[in-house]
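To start, the structure under review is shown below, and the notes come after it.
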Amino acid sequence: MSEELINLERKTSGRIILAIGDSNGVINGGWPTPLADILKEDSVFNNSEGGRTIGFDNCGKPSWNALRNIETYLKWGLNQSHQKPIDEVIILLGTNDSKACFDKKKNKVAPNLVRLIKKIQNFNNSGNAPPHITIVTPPPYALDSLSSKKAIGGDDRVHLLVPQFRDVALQYHCAFVNIYPLIKSKFHDVVMDHVHLNRKGHAIVANAIVNVLNDWDVPEPPSNVLYHHENGISWNPSESSDVIGYEIICRDKIIAAVSGTQVNLPYRMIGLTVRARDGYGNVSISVKASPNKENDATETVLAKFYLSRSAVLI
């Protein structure tokens with residue numbers, strides 16, 4: 001399924017921001033507190049709760065399952081804003097979905113995130129356009145030797161979620177903030193126990209989110225976009241460090257989003273262009289694919305195609 005090109009309309013200030021988190025959203029004030037301190041011209045409403053998951057009944061409690069309760073969170077946000085539409089929803093969940101008790105369900109976490117996003121995108125936002133969504137990766141867990149029994153294997157499961165959450169963000173036009181390496185590199189200085197952040201850790205998370213929310217710079221485009229071999233297209237990566245992926249466009253429609261720098265096709269397609277996309281969703285100019293002189297690229301056919309494993313179908 002393809003989608004029309006997305007033109008994001010963004011406010012520079014006065015934004016209504018709803019933060020949806022778990023215990024790291026409330027312990028020591030939680031990351032939404034320094035976020036609100038930095039974004040003084042915006043209104044940040046914190047709807048976080050210890051034990052909350054993306055899509056599991058943690059400890060048998062449906063009330064901790066965001067998929068079951070997302071409409072309640074969104075309505076709460078509208079009440080806090082006096083029915084002004086929500087501009088941004090920031091989701092930092094996944095830590096509790098990565099507990100040992102959910103190990104056999106680890107492959108359901110990213111699909112549950114997709115379902116959560118779709119519910120937000122279909123919410124009646126006071127009759128306005130749906131809010132823009134920012135997906136934040138969960139922070140790392142401590143090593144198993146330093147973790148409680150319920151957290152054994154947690155860091156491995158969270159680490160697997162990072163590229164999965166990035167691909168979900170690409171597919172569903174969400175912003176993406178990867179805090180995992182930021183916390184991992186300073187773990188013992190910014191956590192209280194096996195996973196809960198201290199105030200330093202919350203500040204790191206808040207600043208990482210702000211850097212994405214307030215990013216207005218258009219990324220550098222990819223280069224050397226070429227048809228290659230019999231059925232593929234490849235390019236050199238953007239020089240911008242905040243690029244999370246690339247959108248493949250045909251006839252003014254986004255037909256795929258990829259995290260890598262190539263897509264394999266069963267048939268060659270006419271008029272493909274590629275553009276870079278950064279963490280918020282800013283996009284570069286589109287670069288048209290050219291024939292590769294080293295290969296026979298004389299036959300072009302517009303057809304359905306299948307993507308390589310690095311690609312995310314739109």
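Please treat every number below as a calculation from the coordinates, not as lab data. The structure displayed is predicted, hence computed values, not measured ones. With ideal geometry, Cβ positions are generated from the backbone for all residues, glycine too; neighbour counts draw on all protein chains shown.
Here are the numbers for this structure:
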| read-out | value |
| --- | --- |
| Selected residue (criterion: farthest from TYR246 (Cα to Cα)) from residues of the stretch 270-282 that are in contact (Cβ under 8 Å) with a residue 60 or more places away in the chain and in contact with an Asp or Glu (Cβ under 7 Å, 6 or more places away or on another chain) | TYR280 |
| Residue within the stretch 235-244 that is touching a residue at least 60 places away in the same chain (Cβ under 8 Å) and either within 21 Å of the chain's Cα centre (by Cα) or assigned to a loop (DSSP other than H, G, I, E, B) (or both) present | yes |
| In the stretch 43-60, the residues that are of a type in the set (Gly, Ala, Ser) and assigned to a strand (DSSP E or B) | SER43, SER48 |
| Pick from the stretch 275-294, criterion farther than 22 Å from VAL212 by Cβ and not acidic (Asp, Glu), ranking: nearest to the chain's Cα centre (by Cα) | SER286 |
| From the options THR72, THR33, residue that is of a type in the set (Val, Ile, Thr), free of Cβ contacts under 8 Å to residues at least 60 places away in the same chain and on the phi < 0 side of the Ramachandran plot | THR72 |
| Tally, over the stretch 160-202, of residues that are assigned to a helix (DSSP H, G or I) and in contact (Cβ under 8 Å) with a residue 40 or more places away in the chain | 18 |
| Subset of the stretch 125-145 [out of contact with any Asp or Glu (no Cβ under 9 Å at 6 or more places or on another chain) and either assigned to a helix (DSSP H, G or I) or among the β-branched types (Val, Ile, Thr) (or both)] | ILE135, VAL136, THR137, SER145 |
